[in-house]
Ligand code: GLU
């Protein structure tokens with residue numbers, strides 16, 4: 001099968017420079033490998049996602065020269081595949097119902113705290129004799145032991161899912177499938193063999209690898225990109241105008257300059273000069289991408 005990269009935004013708002021940098025890195029890597037690149041809309045959380053926002057994200061990506069090879073997949077329409085995966089895990093004894101409320105979870109002050117603000121579920125319901133009900137909150141009984149992988153950007157990694165996420169929720173009581181399940185099932189079904197995403201998601205990788213193993217899916221390569229920060233190195237926030245293409249265009253910073261700056265930040269260009277995405281492919285190599293955060297130019301905020 002041809003190699004496949006993907007960009008998988010959640011349609012909850014406008015894409016900001018950090019998202020666009022992730023999209024471009026995954027696109028460049030796929031193109032440099034001569035592979036496919038697909039876009040997937042991660043809209044399982046129907047309360048927070050809007051298809052109109054997803055459409056706007058697709059327009060922004062197209063404006064920078066990135067379009068999905070093949071139809072864009074919307075997770076909200078893929079319940080059948082997620083249900084089948086849950087059935088498989090259930091058959092293996094890999095699931096258990098959870099009755100912890102949001103309040104219970106917040107009160108679990110003794111829970112170990114992972115990096116990236118993750119709070120590991122301490123497994124309270126793992127040993128409770130609970131019946132399976134419908135609809136149910138269901139957790140994955142994550143197998144013990146650390147997971148090692150060689151990150152394309154960060155090098156050798158070794159994480160214990162029990163410390164970072166604990167047993168993740170795969171199905172919510174409100175009927176929604178959860179992020180970990182949808183992302184693993186879709187990457188598997190779509191043949192994605194390289195996952196490029198922000199370093200804020202590094203801490204979920206070990207858990208997702210365990211879920212891939214339980215579902216008999218191959219393990220993709222991972223690259224966790226440094227985040228785009230405000231000029232002073234702090235996290236980009238709403239006060240920075242979220243730095244989307246519309247706001248940048250308003251300041252006279254057009255798509256070619258955005259692509260050129262992103263390409264420079266990914267090590268493809270020596271200077272941040274206007275460019276088209278296609279111009280950057282020849283200069284893209286993972287060992288040229290700086291692994292740390294990158295600050296947005298002060299003039300852009
Ligand atoms: N949908 C996730 C997000 O927008 C990304 C998931 C992933 O890349 O694994 O943060």
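Computed from the coordinates by the stated procedures, all read-outs in this text should not be read as laboratory data. None of these values were measured; they are calculated from a predicted model. Cβ coordinates were reconstructed from backbone atoms using ideal geometry, including for glycine residues, and neighbour counts include every protein chain displayed.
With contacts taken as Cα pairs under 8 Å at a separation of at least 6 residues, the range 1-123 carries a relative contact order of 23 percent.
The order of 150, 55, 279, going from fewest to most other C-beta atoms within 10 Å of their C-beta, is 150, 55, 279. Helical content alone sets the calculated 222 nm signal of the chain at -9000 deg cm²/dmol, taking -39,500 (n - 2.57) per DSSP H segment of four or more residues and averaging over every residue.
The C-alpha atoms of the chain define a longest principal axis, and helix 79-91 lies at about 40 degrees to it. Based on Cα contacts under 8 Å between residues 6+ apart, the chain shows a relative contact order of 20 percent. Springs join every pair of Cα atoms under 10 Å in this Gaussian network model of the chain, and among 83, 75, 208 the largest mean-square fluctuation is at 83.
For the chain, the C-alpha radius of gyration divided by 2.2 N^0.38 Å, with N the number of residues, is 1.02.
Is the range 138-214 best put as rounded, prolate or oblate by its Cα gyration tensor, with a ≥ b ≥ c the root eigenvalues, rounded for a/c under 1.5, and otherwise prolate when a/b is larger than b/c, oblate when not? Oblate. Label point of residue 285 set 7 angstrom out along Cα-Cβ; within the range 139-155, amide nitrogens under 19 Å from it belong to 151-155.
On the basis of the beta-carbon distance and an R0 of 30 Å, residue 173 and residue 219 show a calculated FRET efficiency of 0.50. Label-to-label distance, residue 63 versus residue 251, with points set 7 angstrom from Cα along the beta-carbon direction: 1.4 nm. Placing a label point 7 Å from the Cα of residue 33 along the Cα-to-Cβ direction, the residues of the range 1-22 whose backbone N falls under 20 Å from that point are 1-9, 20-22.
Ranked by the mean number of other Cβ atoms within 10 Å per residue, highest first, peptides 251-260, 123-132, 180-189 order as 180-189, 251-260, 123-132. Once C-alpha pairs closer than 8 Å and six or more residues apart are averaged by separation and normalised to the residue number of the range 230-301, the relative contact order reads 35 percent. Here's the picture: a label point sits 7 Å out from the Cα of residue 150 along the beta-carbon direction, and within the range 168-208 the residues with their amide nitrogen under 16 Å of it are 194-195.
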